[in-house]
1. Once you put a point 7 Å from the Cα of T115 and another 7 Å from the Cα of R85, both along the Cβ direction, what distance in nm separates them?
2. Per residue of the range 60-69, in order, report the coupling 6.51 cos²θ - 1.76 cosθ + 1.60 (Karplus, θ = phi - 60°) as ³J(HN,Hα) in whole Hz, putting x for Gly and Pro.
3. Under a crude label model (7 Å from the Cα following the beta-carbon direction), how far is A103 from A72 in nanometres?
4. Residue by residue, what Karplus-based ³J(HN,Hα) values in Hz, rounded to whole numbers, does the range 92-103 have, using 6.51, -1.76 and 1.60 with θ = phi - 60° and x for Gly and Pro?
5. Considering amide H positions built from the backbone, and no H for Pro or chain starts, which residues 5 or more places from A126, or on another chain, come under 5 Å of its amide H?
6. Which whole-Hz ³J(HN,Hα) couplings does the range 44-49 yield from phi under the Karplus relation 6.51 cos²θ - 1.76 cosθ + 1.60, θ = phi - 60°, glycine and proline marked x?
7. I want to check the label-to-label distance for D64 and F136. Put each point 7 Å from Cα in the C-beta direction and report it in nm to one decimal.
8. If neighbour count is taken as other Cβ atoms inside 10 Å, put S116, S86 in order from fewest to most.
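Nothing in this text is a laboratory measurement; each read-out follows from the coordinates by a stated rule. The model shown is predicted, which means the values in this text are computed figures rather than measured ones. No Cβ is skipped: glycine too gets one built from the backbone with ideal geometry, and neighbour counts run over all protein chains shown.
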Amino acid sequence: MKPSRLIVLPTWLIVLPTWMHEPRAQRDRCQPGVSNVRKIVVYELLSLDGVAEDPDQFITDWDDALDANLAAVIATQDAVILGRRSYDEWARFWPSSEIQPFATFINGVAKYVATSAPLDREWTNATVVDGDLVEFARALKNRPGEDIGVHASISLAQALLAADVVDELRLVIAPRIVGSGRRLLDGLPSTRLQAIRSTTSPTGHLLVDYRPIR
């Protein structure tokens, strides 16, 4: 892994280099007798100005590096948490999709859906979140298993980020300014992030991973 660099995000996010801080979770994993806790990993597609809504309007040049990045993200996940809108849209699209590797992953993985109403459309391994979302996410992290993914689901990702239960933020940032639309990071509290990876794809997309400093 390449050494981290200082990466500038909006002023309300303070991003520090890797060597200045070692997260508590990372230290704990190295200590005998400390149990491993699953990670919640938020994966989002963004425009350069932070818009996450309708990524088809700004992610127009998908390349092999983006494919490999997504494959690496989902390879460590055995569960996802979805918002209701994302669930309804994806339950219509992905069961018949042949877009790999995500189709096989999302159709088979355990899916926990944050909603207050029964699901209208069945989808393999889909379960409604019982009770408070943040409490559920914390409890899920303490169950045995691999990483827990959050894909799309902007409001849900924001709620988990605000509650400080997200362990990694994995972003694909397109070289395009959209100008309007729902932004992933709007309204969040000030958060210090450690940059753990940054690279650029052949089509100019920035692939950047962050970890909250706790």
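1. Placing both labels 7 Å beyond Cα along the Cβ direction yields 1.4 nm.
2. Once θ is set to phi - 60°, the couplings for the range 60-69 become 10, 10, 6, 10, 5, 5, 5, 4, 5, 5 Hz.
3. So the label points at A103 and A72 sit 2.5 nm apart.
4. Going residue by residue, I get 7, 8, 6, x, 9, 7, 10, 7, 9, x, 5, 4 Hz, with x marking Gly and Pro.
5. Sorted by chain and number, the residues that satisfy this are K111.
6. For the range 44-49, the Karplus curve yields 9, 9, 10, 7, 4, 8 Hz.
7. Placing both labels 7 Å along Cα→Cβ, they lie 4.0 nm apart.
8. Working: S116 7, S86 22.
If I rank by nearby Cβ atoms, fewest first, I get S116, S86.
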